[in-house]
1. Treating only the Cβ of Lys, Arg, Asp and Glu as charged (+1, +1, -1, -1), what charge dipole size does the chain show about its Cα centre? Round to the nearest 20 debye.
2. I'd like to compare 190-199, 219-228: which one has the highest average count of other Cβ atoms within 10 Å, and what's the full order after that?
3. Suppose R0 equals 41 Å; then what is the FRET efficiency for Ile7 and Met312 from their Cβ-Cβ distance, rounded to the nearest 0.05?
4. For region 10-49 and region 50-75, what is the separation of their C-alpha centers, rounded to whole Å?
5. What residue among Gly86, Val22, Leu249 has its Cα farthest toward the positive end of the dipole of the chain, where the charges are +1 on Lys, Arg and -1 on Asp, Glu, each on the Cβ?
6. Reachable lysines from Lys242, Cα under 18 Å, same-chain residues fewer than 8 places away excluded?
7. Taking 0.36 nm per residue of sequence separation and subtracting the Cα-Cα distance, how much length would be gained by fully extending the chain between Lys319 and Ala116, in nm to one decimal?
8. Need one value: the accessible area of Trp311 in square angstrom, 1.4 angstrom probe, rounded to the nearest 10.
Amino acid sequence: MDWSLSIDKAIPKPLRVILRGVGQVFFCCNAVTGLIFLIALYVGGITAGLAATVGVISSTVAAYLLGFSDDDIDAGLYGFNGTLVGPCLFLFLENTPQLWLYVVLASILSTVVLAALMRILQPYNIPASTSPFVLTCWMFMVAVYSFDGFSRGPVLSAPGIPADIAATAVVTTEFATLTQEAVVAWYTAITKGIGEVMFADSVIVGILFLVGIAITSLRGALMAFLGAVAGVAIPICLGADKTLIEMGLYAFNPVLTMMAVGWVFLKPSTGTAILALLAGILTVICQAGLANFLAPMGLPTLTFPFVLVMWMFLFAASKSRYWANPQ
């Protein structure tokens, strides 16, 4: 929206760059949107908000000091991976004073990894997106086993053989019936699915994220919403765990996938909207497969299902008339 872009340009450059970095988590190069996202994170939890702030500042400052592209830095492209690193590590690792140093180091590393992947993927016009965040967090999660000052948090599963899916699946009858409880269940799962992109298990945070996206682009907000719907409907149809669906843990990856395919990297059209929906559905299946693949190592999937599916669809789209160069 024009008014938000006017405010964006009026914000002092250092703060504008930081806020754009937060906004880029949802592909929004808009400081106003980034501010709403950051406020939403603090609403969800002070620690998560502080972790995201430390992460985005660390990764952005590292990009400046390492002399990376000023245009990319100004657009916030070196900030969003750091934004995700902070809340991620505080969610999956035990909260200790040393963890703040861990967040700073991981955020800085995500900047280096991003620059390397951008160089590798540039000839193919494929974005690195959140892959630096995923690779960096996996590395730091596995590394805690070598350091006495760190340990796994209660959310991070211990390495082991995954449970039988058939044995753990739960019939999601409350989603399937047209009752007040079903409406509440869908509403909760969809909004939490949007919030879980930044590890926020909160309905309010999810709503604020959607509002922030809508300020930048109504089509982007629509793709995010439809991605969350797909991330609830498809797991229900496939008989996934009810608790995971209600928490939005199947929805946050399709949210990003549908935004990337249906709004950001392909020409907006009815055809790309259909491709985005197909990509969102595939992301759900990809996430389920990766979850079982990574379970023996005790690692979460994070946003890797989104990254894999997005890369696959963008490579395929380069052969079609829908192709548009990544922005």
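The values are calculated or read from the model by the stated rules, or taken from the named source; none is laboratory data. Owing to the predicted nature of the structure, the values given are computational and were not obtained by experimental measurement. So basically every Cβ, Gly included, is an ideal-geometry build from the backbone, and we count neighbours across all protein chains shown. For the accessible areas, the whole protein counts, side chains as well, though only heavy atoms, and no ligand, DNA or RNA atoms are used. Shrake-Rupley method; radii C 1.70, N 1.55, O 1.52, S 1.80 Å.
1. On the way: 12 positive and 15 negative charges, 145 e Å.
Around 700 debye, computed over the chain.
2. Values: 190-199: 26.2, 219-228: 24.4.
Result, highest mean first: 190-199, 219-228.
3. Rounded to the nearest 0.05, the efficiency is 0.65.
4. Their Cα centres are 13 Å away from one another.
5. With unit charges placed on the Cβ atoms, the residue in question is Val22.
6. Filter leaves Lys192.
7. On the way: separation 203, 0.36 × 203 = 73.08 nm, distance 2.55 nm.
Computed gain between Lys319 and Ala116 is 70.5 nm.
8. It works out to around 50 Å².
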